[in-house]
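Peer 1: One structure is given below, represented as structure tokens, and several questions about it will come after.
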Amino acid sequence: MFKKGSKLYSIFTGCCPKCHEESMFINKNPYILSQALDMHDTCSNCGTKYKIEPSFFYGSMYVSYAVGIAFAVAAFVISFFVFNAGIDTVFISIVGTLIICMPIILRLSRNIWINFFMSYDKSLAKK
């Protein structure tokens, strides 16, 4: 399921969607906020251009909304049903989860967005 060659592998590792060899992001740590969204222009292995067109990643904002909702629902379910928290605590846990996970949500949404438009090419791997 998460093997090299699948879209899920590229999405969760943040690697090039074409060859799955190099990370798209300059710094692999999303919590260095000044570099959270800094990306390489092209893949050093296969030469894939990540920014297909100007403002390409604006579309990832829509994906980010959906991913954020998924994180919020997960925080609600865990805090309300597992810990039997009150409504105030549930609200605080949802907001806290979204704030703490925002760099991950941003990167994950970019990875999902670019994988809508590019697919793995076995011939480009380990070129």
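The values are calculated or read from the model by the stated rules, or taken from the named source; none is laboratory data. Please read these numbers as outputs of a predicted model, since none were measured by experiment. Please note: Cβ atoms are built from the backbone with ideal geometry, for glycine as well, and neighbour counts cover all protein chains shown. Surface areas here come from the heavy atoms of the whole protein model, side chains and all, with no ligands, DNA or RNA. Shrake-Rupley method; radii C 1.70, N 1.55, O 1.52, S 1.80 Å.
Peer 1: Isolated Cys in the chain by the 4.7 Å beta carbon test?
Peer 2: Cysteines lacking a close Cβ partner in the chain: Cys15, Cys101.
Peer 1: I'd like to know which of Cys46, Ser93, Gly59 lies farthest towards the positive end of the charge dipole of the chain, counting +1 on Cβ of Lys and Arg and -1 on Cβ of Asp and Glu.
Peer 2: Value: Cys46.
Peer 1: Nearest 0.05, what FRET efficiency do Lys51 and Phe2 give at R0 = 25 Å with Cβ-Cβ as r?
Peer 2: Result of the calculation: an efficiency of 0.45.
Peer 1: Using only the heavy atoms of the protein chains and a 1.4 Å probe, how would Leu33, Leu98 rank by accessible area, largest first? Don't skip to the answer; put the middle values down first.
Peer 2: Details: Leu33 125, Leu98 50 Å².
Listed by decreasing accessible area, they come as Leu33, Leu98.
Peer 1: Could you tell me how many degrees, from 0 to 90 and to the nearest 10, lie between the Cα long axis of helix 87-117 and the main elongation axis, the longest principal axis, of the Cα atoms of the chain?
Peer 2: 10 degrees
Peer 1: Give me the number: length gained by fully extending Val77 to Asp121, i.e. 0.36 nm times residue separation minus the C-alpha to C-alpha distance, one decimal in nm.
Peer 2: Full extension from Val77 to Asp121 adds 12.0 nm.
Peer 1: I need the per residue convex hull volume for the chain, using only the alpha carbons, in cubic angstrom as a whole number. Write down the numbers at each step before the final one.
Peer 2: Working: hull volume 14.3 nm³, N = 127.
Considering the Cα atoms of the chain, their hull volume per residue is 112 Å³.
Peer 1: How far is helix 60-77 tilted, in degrees, relative to the longest principal axis of the Cα atoms in the chain, given as a value from 0 to 90 rounded to the nearest 10?
Peer 2: The two axes meet at around 40 degrees.
Peer 1: If r is the Cβ-Cβ distance from Phe12 to Val95 and R0 is 41 Å, what FRET efficiency results, to the nearest 0.05? Present the calculation step by step, with values, prior to reporting the outcome.
Peer 2: Working: r = 25 Å, r/R0 = 0.61.
Given R0 = 41 Å and the Cβ-Cβ separation, E is 0.95.
Peer 1: From Cα pairs below 8 angstrom and at least 6 apart in sequence, can you work out the relative contact order of segment 14-127, rounded to a whole percent? Please list the in-between numbers first.
Peer 2: Details: 133 pairs, mean separation 43.3, N = 114.
Dividing the mean separation by the residue count of segment 14-127 yields 38 percent.
Peer 1: What number of lysine-lysine pairs in segment 8-127 show an alpha-carbon separation below 12 angstrom, given a sequence spacing of 8 or more or placement on distinct chains?
Peer 2: 4
Peer 1: Sticking with this one: Just to verify a number: what accessible area does Phe57 come out at with the full protein assembly present, 1.4 Å probe, Å² rounded to tens?
Peer 2: That residue has around 20 Å² of solvent-accessible surface.
Peer 1: Using helices alone, I'd like the mean residue ellipticity at 222 nm for the chain: each DSSP H run of four-plus residues gives -39500 (n - 2.57), total over residue count, nearest 500.
Peer 2: Working: 3 runs with 56 residues, N = 127.
Calculated at 222 nm, the ellipticity per residue is -15000 deg cm²/dmol.
Peer 1: Ile69 to Ser23: FRET efficiency via 1/(1 + (r/R0)^6), r the Cβ-Cβ distance, R0 41 Å, to the nearest 0.05? Intermediate results must be reported in sequence, preceding the final value.
Peer 2: Values: r = 26 Å, r/R0 = 0.65.
Calculated transfer efficiency: 0.95.
Peer 1: Okay, moving on. If each residue of separation counts as 0.36 nm, what is the full-extension length gain between Ser44 and Tyr31 once their alpha-carbon separation is subtracted?
Peer 2: Numbers: separation 13, 0.36 × 13 = 4.68 nm, distance 2.39 nm.
Stretched fully, the Ser44-Tyr31 segment lengthens by 2.3 nm.
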